[in-house]
1. Give me the pairs, please: first residue somewhere in the stretch 24-40 and more than 13 Å from Lys5 (Cα to Cα), second residue anywhere and of a type in the set (D, E, K, R) and assigned to a helix (DSSP H, G or I), beta-carbon distance under 7 Å, and either six or more positions apart or on two chains.
2. Need at least 2 residues that are touching a Gly at 6+ places or on another chain (Cβ under 9 Å), modelled with pLDDT of 95 or more and of a type in the set (A, V, I, L, M, F, W, C) per element, so show me which helices (runs of 4 or more DSSP H) inside the stretch 1-89 make the cut, counting only ones lying wholly within it.
3. Being surrounded by fewer than 17 Cβ atoms within 10 Å (Cβ to Cβ) and over 16 Å from Ile50 (Cβ atoms) is the filter here, so list the residues in the stretch 130-151 that pass it.
4. Scan the stretch 105-112 and tell me whether some residue there is under 18 Å from Leu45 (Cα atoms), at pLDDT 95 or above and surrounded by 14 or more Cβ atoms within 10 Å (Cβ to Cβ).
5. Could you look through the stretch 41-61, keep only residues that are buried (at least 17 other Cβ atoms within 10 Å of the Cβ) and of a type in the set (A, V, I, L, M, F, W, C), and pick out the one that is nearest to Val4 (Cα to Cα)?
6. Within the stretch 1-48, how many residues turn out to be in contact with a Phe, Trp or Tyr (Cβ under 8 Å, 6 or more places away or on another chain) and hydroxyl-bearing (Ser, Thr, Tyr)?
7. Select, from Thr88, Thr127, the only residue that is under 13 Å from the mean Cα position of the chain (by Cα), polar (S, T, N, Q) and surrounded by 20 or more Cβ atoms within 10 Å (Cβ to Cβ).
8. Being under 29 Å from Glu174 (Cα atoms), assigned to a helix (DSSP H, G or I) and at pLDDT 95 or above, is that true of even one residue in the stretch 136-152?
Amino acid sequence: MNWVKDYVTTIADYPKPGIMFRDVTTIFESDVAYNRMVEEFVRHLRDKKIDKVAGIEARGFILGGAIAHRLGIGFITVRKAGKLPRETHSVNYMLEYGEDALEVHCDAIRKGDNILIVDDLIATGGTAIATHELITMAGGRVTDCVFIIDLPDLGGADKLRAKGCDVFSLTAYEGE
């Protein structure tokens, strides 16, 4: 599915030297690419037994909301700490430059719900693994994860597969 790469803008040395930042907002800006992307994810997910979509802040909201709508299921916001108004479950996780936290409303997931995690990119897997832990803590079961881009050399998708998740991405950038 290399058509995706035609719509991804790569910015060298952002946010710091040596990083090749993959900007997917250019996909969202295209009526053709955005619709095609959502349709490809929905086609992959249509026959799966998913109860809700969990979108990771912020690009996971844009993509996850569209997927949930097309599948006719609910959408859960996974947000940075302090952004949700009701009682939350919270998980701390490590970033390459420090620590952060994610939260989800305690009442967003019913025990046994099959949950799909959605985000724009999977690299080392820190955010997605933290989201998996958060959903499990809330009583859900992560069955599937989808991403626009996989950076396979960083191993995040393999970590999710080791937790029993089906991981699907539209494209990959090897060696980066």
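The values are calculated or read from the model by the stated rules, or taken from the named source; none is laboratory data. This structure is a prediction, so every number in the text was calculated from the model and none was measured. A quick note on method: Cβ atoms are made from the backbone with ideal geometry, for glycine too, and the neighbour counts reach across all protein chains shown.
1. Val38/Arg70
2. 59-71
3. Result: Met137, single match.
4. no
5. So the residue we want is Phe41.
6. Final tally of qualifying residues: 5.
7. Criteria check complete, one pass: Thr127.
8. Yes, the stretch 136-152 contains at least one residue that is under 29 Å from Glu174 (Cα atoms), assigned to a helix (DSSP H, G or I) and at pLDDT 95 or above.
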